[in-house]
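I have a structure I would like to understand better, so I am pasting it below and will then ask my questions one at a time.
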Amino acid sequence: MVKNLFKPFSNLSTAQQLIVSIVSCSFLLPIQFFTQIHLNFENKGIDHSEMMTLSYAFIRGWKYGEDIIFTYGPLSFLANRTDFSQNRLVFLLFDLYFFSSICFAFFQFLKTKDGLTTLLVFFLTCFFYKNAMFLTLVFTLQVVALLYLILYHSTNNILYVVQASIITWLIFFIKLNLAFVAVFILLVFVLYYVITKALSLSQGAILIILNVLTGLLLFQLLPVDIQGYIQSAIYIVNDYSEGATVPPTSDLMWLLIVILFCVVLFVGYLILSSIKATAFQRLINFNFALLTFICFKQCVVRADLEHLKDFPFIFPWMVCGYWYVFNSFFNKTSYSKLLLIPLITSWLFASYILILFGDHQYILKKFITVPAYFINMYQGYDYYQEASKRKLPPKILNQVKHKSVDIIPWETSTLILNKLNYNPRPVFKTYQAYSPYLDAINAHKLMGNTKPTFIIYAENTIDKRYSFFDETQTKLAMLLGYEVVDSFSYNQEQNILLKAKVNGKIKKSIIEKAELKKATILIPTSSNYLLLKANFNYSFLGSLVRIFYQAPLLEAKITTAQGHSYVYTVNIATLKKGVFVNKHISNTPAAQRYFEGNLERDCDNIVKIEFLEQMPSFWQKQIYYELQELKIIP
């Protein structure tokens, strides 16, 4: 009976297939429009502020890789849907290209023998893909680029490789964490086609040369410093696990188990289908396994609900692409239907997430995306109309006036909406400066000739970190080159205003250096600043865990003279360069006293730091530490 119910859909004409493709792809249009998502001013949002800053940087012509360093690039506004220039034509043209590219690639999807199942897979995948043109845009594009590279195998149409190249460069300048993977996949396929003579040597060379020239041209046209952009991207990607790891809480373990189930099943299927496969089929499986790994890491490194919930919306898109490829390039076997298990599991998972978050209008929103898209595109949005809700106190505005100003740790939209002369640290979010290299870039800015005249500072952090361990080199630059001139309350938080002065000097002396026999370091009393360096390193097993899951967890238990104890997560990369340890800074007034040099007044001395290794087998046994005393000379 069920089979008869769907029988009219099993033999669709070409026109009907095209209509189904277009309708399905229309579900990919963003529910969050660039005219509507910014900002929820009743709540401070780190991501919202970051979206504003990235778009603002682009229209100001700040160079990415030099003036701005982040996980996103100069074309990030295409993914975060924020545009201060109000040039909606750019969005319309990009969205048209995006929509037509996907429709063209997946139009072949409905031509397989298993037409009905393929139709339902594609339809439901598009329906449940929540942020296809929003923050997960680069992943969406990468799967499409991979499909075009694979399609060349059966058509020998060089335009497919050209199309994949265009998408690769879009990814490269939208978001850095997938940029290197995108370039790698493109080069691997071009090399394979040259080796198998599907491309002549001259064609392959021309394609590579044209890609290099395209890249160099885009580096000239876009506000990008090529060396800084690539170098900072390497550090951002390499140190991401240390700087961003959030272990799952016990109530979220079941979500992680579901994700692991889907990943293991899909990767197992890729391995199984590679046993008697051709070289080309194994190449396909390798690249889909690589994207599965990237998808998995993106969702589980920060294993909080906000990131885990993205998996069931992203993962089916990749499996759907593989379903098409499998039906087109592999001999179907009895176990091919196993691909439906991770797909159905993900869709059920996605449905639960929608119910959990109370998104009861999701179905309605999906079916009105097309008219809503054009209505919102027509209306536009004035980002400054909400500025009254982010208004700084008059006394602060009067002091800053038109002089340059930065803000720490992350509320950068405050400066933009108050139309101040925003002069950012390159890594403009404190939580993003999670490696000594990135921290040093920010410190260099605050010690150089282009440093901001003012800094607005509040004591805040994320992920159970100790906030004063973040950006240690930057804080040292503030101690040397800034002085506190005011304090104020804003957004229900205490803030301080610092003003630039002539840079002071620092006198360093090592007061203790030894191997850490026990996990505890006693902190001596000092009237100067104390800096602790410790070189925790992963064992071989710990390194494997870091690569395939998360960085092993290291915590610091801080005990103060008043008998209070606090436990914080620790970034070992930051710890190797050094962190301030003699005073426990738990709020902005305490930070103010620290910056003022009033180390004896109302500051809670740290007397002991105990490092807690959650899994000792993940760590090397030998640990060395060094305590330095820093004396600031005006």
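The values are calculated or read from the model by the stated rules, or taken from the named source; none is laboratory data. If you're wondering where the values come from, they're calculated on a predicted model, not measured in any experiment. Note that each Cβ is placed from the backbone with ideal geometry, even for glycine, and that neighbours are counted across all protein chains shown. Ligands, DNA and RNA are excluded from the accessible area calculation, which covers all protein heavy atoms including side chains. Shrake-Rupley method; radii C 1.70, N 1.55, O 1.52, S 1.80 Å.
Can you compute 3J(HN,Hα) from phi for each residue in region 238-245, using the Karplus curve 6.51 cos²θ - 1.76 cosθ + 1.60 with θ = phi - 60°, rounded to whole Hz and x for Gly and Pro?
3J(HN,Hα) across region 238-245, in whole Hz: 5, 9, 4, 4, 5, x, 10, 4.
Taking θ = phi - 60°, what integer Hz values does the Karplus form 6.51 cos²θ - 1.76 cosθ + 1.60 yield along region 250-255, in sequence order, with x for Gly and Pro?
Rounded to whole hertz, the list is 4, 6, 9, 4, 5, 5.
List the residues, sorted by chain then number, that are 5 or more residues from Leu612 or on another chain and whose placed amide H is less than 5 Å from its amide H.
Glu555, Ala556, Lys557
What are the extents of the Cα atoms of region 451-554 along their three principal axes, in Å, largest first?
For region 451-554, the Cα spread along each principal axis is 49, 36, 25 Å.
Return the distance in nm (one decimal) between the two label points of a simple spin-label model at Ser351 and Leu217, each offset 7 Å from Cα along Cα→Cβ.
That separation, rounded to one decimal, is 4.9 nm.
Excluding same-chain residues fewer than 8 positions from Lys297, which aspartates and glutamates have a Cα within less than 19 Å of its Cα?
Lys297 reaches Asp239, Glu242, Glu306, Asp310, Asp463.
Another one. Against the longest alpha carbon principal axis of the chain, how many degrees, from 0 to 90 and to the nearest 10, is the axis of helix 340-356 turned?
Helix 340-356 sits roughly 50 degrees off the main axis of the chain.
Report, ordered by chain and residue number, the aspartates and glutamates lying within cross-link reach of Lys445, taken as a straight Cα distance under 12 Å and ignoring same-chain residues fewer than 8 apart.
Glu66, Asp67, Asp406
Tell me which aspartates and glutamates have Cα within less than 13 Å of Lys475's Cα, excluding those fewer than 8 residues away on the same chain?
Those aspartates and glutamates meeting the cut-off are Asp439, Glu459, Glu483, Glu596.
Next question, about the same structure. Could you list which residues have their amide H under 5 Å from that of Arg465, counting only those 5 or more apart in sequence or on another chain, with H placed in the peptide plane?
Long-range HN contacts for Arg465: Thr569.
What is the extension gain from Tyr566 to Ser26, computed as 0.36 nm multiplied by their sequence separation minus the C-alpha to C-alpha distance, in nm to one decimal? Write down the numbers at each step before the final one.
Values: separation 540, 0.36 × 540 = 194.40 nm, distance 5.05 nm.
Stretched out fully, the Tyr566 to Ser26 stretch lengthens by 189.4 nm.
222 nm [θ] for the chain, helices only, -39500 (n - 2.57) per DSSP H run of 4+, per residue, to 500?
-16000 deg cm²/dmol
Can you give the extra length, in nm with one decimal, that the chain gains between Ile506 and Asn587 once fully stretched, where that is 0.36 nm per residue apart less the Cα-Cα distance?
26.6 nm
Just to verify a number: FRET efficiency for Arg60 and Asn177, C-beta to C-beta distance, R0 = 25 Å, to 0.05?
Numbers: r = 24 Å, r/R0 = 0.95.
Given R0 = 25 Å and the Cβ-Cβ separation, E is 0.55.
Take the cross-link list Lys389/Lys464; Lys391/Lys419; Lys401/Lys451; Lys175/Lys451; Lys576/Lys608; Lys464/Lys507 and give me the ones stretching past 21 Å between alpha-carbons.
The answer is Lys389/Lys464; Lys175/Lys451; Lys464/Lys507.
What whole-number value in Å² describes the accessible area per residue of the chain for a 1.4 Å probe?
Computed with neighbouring chains in place, this is 43 Å² per residue.
Just how large is the dipole of the chain about the Cα centre, in debye to the nearest 20, putting +1 at every Lys and Arg Cβ and -1 at every Asp and Glu Cβ?
Its charge dipole is roughly 700 debye.
While we're here: I need the semi-axes of the equivalent ellipsoid of region 240-399: take the C-alpha gyration tensor, multiply each eigenvalue by 5, square-root it, list largest first in whole angstrom.
Values: eigenvalues 313, 93, 58 Å².
The answer is 40, 22, 17 Å, longest axis first.
Next up: On a 0 to 90° scale, report how tilted helix 179-195 is relative to the longest principal axis of the chain, with both axes built from alpha carbons and the result rounded to the nearest 10.
Here the helix axis deviates by roughly 40 degrees.
How many nm separate the modelled label positions at Lys533 and Leu191, each set 7 Å beyond the Cα in the direction of the Cβ?
Result for the modelled spin labels: 3.8 nm.
Another question, if that's okay. May I ask you to work out the translational diffusion coefficient for the chain at 20 °C, viscosity 1.002 mPa s, via Stokes-Einstein with Rh from the Kirkwood sum over Cα pairs, reported in whole µm²/s?
For these conditions, the coefficient is 80 µm²/s.
Now a separate question. Note down the accessible area of Lys419, probe 1.4 Å, to the nearest 10 Å².
150 Å²
As I understand it, the value is the acute angle between the Cα axis of helix 369-379 and the longest principal axis of the Cα atoms of the chain; what does it come to in degrees, rounded to 10?
50 degrees
Please list the non-local residues whose amide H lies under 5 Å from the amide H of Val224, H modeled 1.01 Å from N, same-chain partners needing a gap of 5 or more.
Distant-sequence amide H within range of Val224: Tyr64.
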